[in-house]
Amino acid sequence: MRILLVGAGLSCAVIGRRLAEAGHDCRIIDSRPHIAGNCHTERDGETGVQMHVYGPHIFHTDDAEVWDYVNGFAEFLPYQNRVKSTTQGAVYSLPINLLTINQFFGKTMRPDEARDFIAAQADLTIEDPQNFEEQALRLVGRDLYEAFFKGYTEKQWGCSPTELPASILKRLPVRFNYDDNYFFHRFQGMPKDGYTQMIAAILDHPRITVELETPYAPDMADAADHVFWSGPLDGYFGYELGRLGYRTLDFERFTHDGDYQGCAVMNYGDREVPYTRITEHKHFSPWETHQGSVCYREYSRAAQPEDTPYYPIRLVEEKALLEDYIAAAEAVEGVTFVGRLGTYRYLDMDVTIREALDTAATVLRCIDEGRPVPAFVVSPR
């Protein structure tokens, strides 16, 4: 079959590779001048630092098959994300752990003492948290909430935490030991030569052709037996029903001679600091040595039509519009919507790869059995 895949990021690269290995001809197009989508990495010409151009991407997973898959295309070196936060005039470690609690409250508690102390801080009158703020108050109490979550969340999402679902905060752990590894997955690391080199290796197959700076045009589908769309779901339909909401990021790049902040990620919890965090990119490759340093200040805001979409908002209004676009997509033949943008969901890299592998397997079964390929292998709902 002749397959057209729109987008040269993780989703289409993995799907295209599997289909190419099965004997199908895959044409991958991307409107950008590079492959790898938002996990694109490149060397900074001034300092030699490996840059995460669209913000940091840290690989972590419990999925052994996905871990083996990425290690088949790149050498991964150990990396653990150890985030710090500057708030109320001091620096703390995240996620909230025993060191954070003891330092913040000026105590020397043991784990069981800290657990009881935080339980006393928590607002247990909130029996069924209905929003982010209520979930935080029930989980850690007002002091920790206002120091680490309230201002940061207002900046990140551009709205009051009372407007956000409680489920967002359920992903953030509180630890009653001194473990400051941000993630708890058993496989964690970074590709030694960057994500772009990894995806280039995935795309290196004689049945795959890649065309960059090539926007999708509807007549391209006429030459294909099936299309995979990893662009914005609403964008496929020309936004005819309205635009789904996204947050985007602005990056303020600056350089420093030496070590600017001593860590890869420094959050800023105070509302009056306009940026959410500063990332120092040489620390994402701790096996390298660089005198110069490149940092990004990150500012979050509502995405405009010309912006790169990062985080789907998925509040009430967007979910209603999403249902309309799902119905429109399911009425289209010969197109499968994939990935973060195509299914309007926030996805970590390992989940993106997992879903791409599963999508490719489903598609190959459909081809073998003569069944139509579904619009969504993974539901956006």
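Computed from the coordinates by the stated procedures, all read-outs in this text should not be read as laboratory data. Just so we're clear, the structure is a prediction, and the values are computed from it rather than from any experiment. Cβ: placed from backbone, ideal geometry, glycine included. Neighbour counts: every protein chain shown.
Details
- Any hit, region 44-51, residues being charged (D, E, K, R) and either free of Cβ contacts under 8 Å to residues at least 40 places away in the same chain or out of contact with any Cys (no Cβ under 6 Å at 6 or more places or on another chain) (or both): yes
- Counted residues, region 344-368 - those being within 21 Å of the chain's Cα centre (by Cα) and either surrounded by fewer than 16 Cβ atoms within 10 Å (Cβ to Cβ) or among the small types (G, A, S) (or both): 3
- Conditions (1) in contact (Cβ under 8 Å) with a residue 60 or more places away in the chain; (2) within 20 Å of G238 (Cβ to Cβ); (3) part of a helix (DSSP H, G or I): number failed by E323: (1)
- Checked against the criteria, L99 does not count as crowded, with 17+ Cβ neighbours inside 10 Å, out of contact with any Leu (no Cβ under 8 Å at 6 or more places or on another chain) and among the hydrophobic types (A, V, I, L, M, F, W, C).
- The test for being of a type in the set (G, A, S) and within 16 Å of the chain's Cα centre (by Cα) holds for G189.
- Output for region 104-130, where each listed residue is surrounded by fewer than 17 Cβ atoms within 10 Å (Cβ to Cβ) and under 30 Å from the mean Cα position of the chain (by Cα): D128, Q130
- There is at least one residue in region 319-335 that is in contact with an Asp or Glu (Cβ under 6 Å, 6 or more places away or on another chain) and surrounded by 16 or more Cβ atoms within 10 Å (Cβ to Cβ).
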